[in-house]
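Here's the structure, in structure tokens; my notes come after.
Each value in this text was obtained by applying a stated rule to the coordinates, not by laboratory testing. This structure is a prediction, so every number in the text was calculated from the model and none was measured. Backbone-built Cβ (ideal geometry, glycine too); neighbour counts: all protein chains shown.
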Amino acid sequence: MTLDLARIRAMLEEERRRLSAALATVNHDGSISDETGDLASGPGDGLADHATDTFMRELDGGLEENAEHLLAEIEAALRRIDEGTYGTCVVCGRPISEERLAAVPYATLCLDDKRAQEGR
Ligand SMILES: [Zn+2]
């Protein structure tokens, strides 16, 4: 399995840029966090138009905290690409499946360990 790291990096960097922009918007308008999940009612800068991909859907809680968390995950993923550990499960050290990385590019756990961690 060969991951297309250049493509993944470009995607992560794009999302980092987008999230940073979204966070800047939230920070400039404290009212947004009171309107649960309704980014469209913001100050009208077209943010909702971009809220269509996987990353932004995770903001559905409407919480700035989520965006900051996601941003940290993305930055960590970019660091792992630099370090050459990207795509490896931090728990068991096995490669994370390509399908999983396609869905969650900043994943640090293989599906088994993810399930084990969430396991209730
Ligand atoms: Zn694992």
Residues of the stretch 100-120 classified as within 15 Å of the ligand (Cβ to nearest atom), within 16 Å of the chain's Cα centre (by Cα) and among the aliphatic types (A, V, I, L, M), total: 4
So residue 116, is it part of a helix (DSSP H, G or I), more than 22 Å from residue 13 (Cα to Cα) and small (Gly, Ala, Ser): yes
Residues within the stretch 83-99 that are near the ligand (Cβ under 8 Å from one of its atoms), at positive phi and in contact (Cβ under 8 Å) with a residue 12 or more places away in the chain, tallied: 0
Among residues of the stretch 63-79, those that are part of a helix (DSSP H, G or I), in contact (Cβ under 8 Å) with a residue 24 or more places away in the chain and out of contact with any Leu (no Cβ under 7 Å at 6 or more places or on another chain), counted: 3
Qualifying positions in the stretch 80-120 - loosely packed, with under 11 Cβ neighbours inside 10 Å and among the basic types (Lys, Arg): 115, 120
